[in-house]
1. Using +1 at the Cβ of each Lys and Arg and -1 at the Cβ of each Asp and Glu in the protein assembly as shown, identify which of B:Leu11, A:Gly259, B:Tyr254 lies farthest towards the dipole's positive end.
2. Shape verdict for the protein assembly as shown, please, from the Cα gyration tensor: rounded (a/c under 1.5), prolate (a/b greater than b/c) or oblate.
3. Applying the Karplus parametrisation 6.51 cos²θ - 1.76 cosθ + 1.60 with θ = phi - 60° to the phi angles of the stretch A:131-137, what ³J(HN,Hα) value in whole Hz is obtained for each residue in order, glycine and proline being reported as x?
4. Taking a label point 7 Å from Cα toward Cβ, how far is A:Ser134 from its twins in the other copies, in nm, shortest first?
5. How much accessible area is lost when chains A and B come together, counting both sides, with a 1.4 Å probe, in Å² rounded to the nearest 100?
6. Would you look at the GNM of chain B, springs on alpha carbons closer than 10 Å, and say which of B:Leu296, B:Leu208, B:Leu229 moves the most?
7. Suppose every Lys and Arg Cβ carries +1 and every Asp and Glu Cβ carries -1, with no other charges. What dipole size does chain A come out with about its Cα centre, to the nearest 20 debye?
8. Any chance you could give the angle, 0 to 90 degrees and rounded to 10, that helix B:102-113 forms with the longest Cα principal axis of chain B?
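The values are calculated or read from the model by the stated rules, or taken from the named source; none is laboratory data. Predicted model only: the values in this text are computed from it and were never measured. Note: ideal-geometry Cβ built from the backbone for every residue, glycine included; neighbour counts use all protein chains shown. Calculation scope for accessible area: heavy atoms of the full protein, side chains included, ligands and nucleic acids excluded. Shrake-Rupley method; radii C 1.70, N 1.55, O 1.52, S 1.80 Å.
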Number of protein chains: 2
Amino acid sequence: MKVTISDVARLAGVSTATVSHTINSTRYVSGETKEKVYRAIAELGYTPDASARSFRTGKKKTIGFIVPDISNKFFATMIESVENYLSAHGYHLIIANTKENPEREETNIRLLSAGLVDGLLIASTMEDFSRFESLIPAGFPVVLVDRTFDTKRFPSVSVSNFQPIYRSVCRLAGKGDKRIGMIGGLPRLSSTKERIAAYQEAVADCGLPQDDLLIRYGNSMENSAQSCLDELLEQKCDALVVAQGLMASETVIYLHKKGFKLGEDIDLVTFVDYDSDINYLYSNQMDCIIQPVEKLGETAGELILQRIETPDAPAFEQVLTSTYQPCGM
Amino acid sequence: MKVTISDVARLAGVSTATVSHTINSTRYVSGETKEKVYRAIAELGYTPDASARSFRTGKKKTIGFIVPDISNKFFATMIESVENYLSAHGYHLIIANTKENPEREETNIRLLSAGLVDGLLIASTMEDFSRFESLIPAGFPVVLVDRTFDTKRFPSVSVSNFQPIYRSVCRLAGKGDKRIGMIGGLPRLSSTKERIAAYQEAVADCGLPQDDLLIRYGNSMENSAQSCLDELLEQKCDALVVAQGLMASETVIYLHKKGFKLGEDIDLVTFVDYDSDINYLYSNQMDCIIQPVEKLGETAGELILQRIETPDAPAFEQVLTSTYQPCGM
DNA sequence: CTGAAAGCGCTTACAG
DNA sequence: CTGAAAGCGCTTACAG
């Protein structure tokens, strides 16, 4: 049978209060009494029941992370980094995967916020903020990760999207490229919107032709780049900007198979998950925008624990900067 | 304040028992009463507290997965597949990362088995079975994933390691290769041991020179292939077998950078995580051993839920087969 | 320096 | 067809 705190108390000849205080160092216990308690614990092989404890205290010591796509290495690395931070602070991590499906996100928010976790990290795939907001119980600690909403009611950590895209378009224009194709992720995501907007402004500012046919969208998951590429190549692009990591890898592979020489037949700028294989192989043939994935995860961990401490602190946005790595550096 | 089942009962004018039974459909409740209960729930915005419920029932509806390296896409994909299976069956998934560190594994087993989860999936990095076994509370549901122990006391799901490696060595020998280098993962892992043994037997059976200098070990994580490769290239290998996915990617990149042409200057056989970028690019230049990652995850989920149902069923090993994909197929 | 006891929010025999 | 009440295993004021 299960060994409980009462069994320990009985064997040690003390109260359950004393056992509890001994284990948790939450009030003074004499050396002699401690001794007896620890002996009883050892003899019975007692382990406090985490479930009872968290029920009693209301603290689960667990954070939920709602991720759009675990098998995307960008998120996998982020999960690792979050887990690393949290476990160092005595927290566990529950993972939920939405596969960019808003219904799955909704279900998971409901399930996890109903007493399973102390706080939620969400890389949301939702477009509608009011729908999103209505799912979060009042005062429940939430931090948005990588993707934000126009309405800034939750704290967030994300990556600067505008500047690196703007800059790369200018550089391409400077090289003499005229028709610059753009591939973005899911159109509804804040990250995609910001990147597309940066592209559009840069194209206009550099005096290049503005053509909606030069902008294509994928689904932010695997195997969605190819059809975009076919369409852009038909448009006779002399350069491509790929604003999403997974699609970037696919682009490199596809161009390679089609026999394009990067930097000669076509110029390429890509967002990369920083330790992608492709990046190692081709970093000398394309410009890369390298995201601080680990920093993103660590900051997310930091913010959510802060949030749990002080749920009513004003929400603020934290924006990390990507590294711009031109060809061959 | 928090809305509890008593608040609902009071407002609906029924007992908490009736509210509970209504929510859970666990005994007959008249239509009229149900109506009242649901109205009260809606009015108060009541959500049952998962923590209280799991404390009471002893069922957490949560599985722990102890993973050696989340950022390794092999495991990331497996996590996705496990999560997928579990969430479809009403379970949550807690992730712990060991970074191939036995102490971290030990800590995590202790923490998670102490009332946090109903069962544990473990891809263990431990060598010593008795140490491992001593950490698992008697009768606690455990399933070993990808890596097993010689002593078969826990159920497990893993991938056949012997046959594909044996076969690849024979094929290389058949092509005329004489000095076949072998790179394995962490020497203590069952997967590594089996793969090395297969290599050794095949080398002997094919009448090739047996030379310990042809066998090198990495750490099963990132950036450990290079030094192995330098040593093997010094041994004038005409073929390489890389028995670990991450190291395989690194090998391809390194050989590429060194200017080797695969299949001409050197023959290559690799274990691959099936959707690796590298595989897409080079599958026509090397033999691949493709692991059924998703099936592995799904089976792991299946086995652990079975185990929770019937913890005393005899432990059995489930071995999945890899696909052998020769050059250019 | 320590103990007796209430109570966290549910579920579930037991009883009618 | 439904209710009163015990109890899961802890923690924590309150009291001495």
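1. After comparing all options, I get B:Leu11.
2. On the way: a/c = 2.18, a/b = 1.26, b/c = 1.73.
Oblate, because a/c is 1.5 or more while a/b does not exceed b/c.
3. Result, ordered by residue: 5, 4, 4, 5, 7, 8, x Hz.
4. Result, one decimal in nm: 5.7.
5. Details: alone 15880 and 15860 Å², together 27980 Å².
When A and B are taken together, about 3800 Å² of accessible area is lost.
6. Comparing B:Leu296, B:Leu208, B:Leu229 in the GNM, the peak value goes to B:Leu208.
7. Working: 34 positive and 43 negative charges, 244 e Å.
So the magnitude is around 1180 debye.
8. 20 degrees
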